[in-house]
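Read-outs: derived from the displayed coordinates by stated rules, not from any lab. This structure is a prediction, so every number in the text was calculated from the model and none was measured. Here the Cβ positions follow ideal geometry from the backbone for every residue, glycine too, while neighbour counts run over all protein chains shown.
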Amino acid sequence: MKIATEIEQTRDIISFWKKEGFSVGLVPTMGYLHEGHKSLIERAVKENDKVVVSVFVNPMQFAPNEDFDSYPRDFDKDIALCENAGAKLVFHPEPDEMYNKNFTSYVDTAQVSEGLCGKSRPIHFRGVCTVVCKLFNIVQPDRAYFGEKDAQQLAVIKRMVDDLNMNIKIVGCPIIREEDGLAKSSRNIYLSAEERKAALILNKSLKLAKEKIYAGEKAAEKIKTLIVDMINNEPLAKIDYVEIVDWDKNLDEVKVIEGEILTAIAVYIGKTRLIDNFIVKC
Ligand code: PAF
């Protein structure tokens, strides 16, 4: 497995592969990789001849009050995981390599990026779209892989690719959970032992909501209330949002649960903001 820190070096490796007729899959990440990322890389390895993993904590998607500086990093562990999962190249640029000092171009989506996490993190998706667009231009992958845990991110990137005619297949991959149900996330490392237990309320409340929907409940408000009440009973939890939206259009709020529906939540456990969700087709 190769490691490249420069854009030109990365392009040279990939253009050699392309000349040889190899297909290329990209897994964009911010590092501190876990089983969730591993499942994306393994899926990419199954579906492409060569897999590139980008490891870049993208400053542009963090607001000044967010955790850019303290975001966990462990590059040696990341490389071992990538190699183990079958990646052929890790692209690990410094911020200066990605954003030169005259940088002033941005990629943004409307509507789909405005609700849910977009409300509490207003500049986040502009930063995500810009860096993912740059990674797509650098790597020129045939396919790119994203986890459904960041469901809104997945929807935003699909929209960007459609709207801007990028010739890349976006593959969404299922949420990977710890044995007790907590969705895997690099930010789980921030949780104290007590908070780690309290964090289970995210999955527990979603699980119950899903059961009610499968049992025939159609009123979005009732499902939301059920989730809100359960989470509010957990003293260490503070809700950022609980939303039920359409999954196949603009992520607009729905009143009646029918068609493809995303139930998404963001909850602070202590100071750590965690997200989780489920998608159902009714
Ligand atoms: O999901 C992430 O880790 C990041 O938002 C991404 C897609 C790598 C862009 O920085």
Legend entry - Between helix 151-163 and the chain: long-axis angle, C-alpha atoms, 0 to 90°, nearest 10: 50 degrees
Legend entry - For the stretch 1-70: rounded, prolate or oblate by the Cα gyration tensor [a/c cutoff 1.5]: oblate
Legend entry - Estimated 222 nm signal from helices in the chain, with DSSP H stretches of n ≥ 4 weighted -39500 (n - 2.57), rounded to 500: -11500 deg cm²/dmol
Inset, instruction - Report the relative contact order of the stretch 198-282, percent, no decimals, based on alpha-carbon pairs under 8 angstrom and at least 6 residues apart. - result: 28 percent
Inset, instruction - Have a look at VAL112, THR225, PRO59 and report the one farthest towards the positive end of the charge dipole of the chain, computed about the Cα centre with Cβ charges (Lys/Arg +1, Asp/Glu -1). - result: THR225
Inset, instruction - Would you mind getting me the FRET efficiency between LYS212 and ASP180? Use the beta-carbon distance for r and R0 = 22 Å, nearest 0.05. - result: 0.55
Inset, instruction - Within the set of other residues whose C-beta is less than 15 Å from the C-beta of LYS169, count the net charge using Lys and Arg as +1 and Asp and Glu as -1. - result: +1
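What percent antiparallel are the DSSP beta bridges of the chain, to the nearest 5? Intermediate values should be presented prior to the final figure.
On the way: 22 of 41 bridges.
Bridges in the chain that DSSP calls antiparallel: roughly 55 percent.
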Inset, instruction - Please find the FRET efficiency linking GLU97 to LYS249, where r is the Cβ-Cβ separation and R0 is fixed at 35 Å, and quote it to the nearest 0.05. - result: 0.40
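Using a simple charge model, +1 on the beta-carbon of Lys and Arg, -1 on the beta-carbon of Asp and Glu, nothing else, what dipole does the chain show about its Cα centre, in debye to the nearest 20? Walk me through the numbers on the way to the answer.
Values: 39 positive and 44 negative charges, 66 e Å.
Using Cβ point charges on Lys, Arg, Asp and Glu, the chain gives about 320 debye.
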Legend entry - Cα gyration tensor shape for the stretch 63-187, rounded if a/c is under 1.5, else prolate or oblate: rounded
Inset, instruction - Using only the Cα atoms of the chain, build the gyration tensor, take square roots of its eigenvalues as a ≥ b ≥ c, and label the shape rounded, prolate or oblate: rounded if a/c is under 1.5, else prolate if a/b is larger than b/c, else oblate. - result: prolate
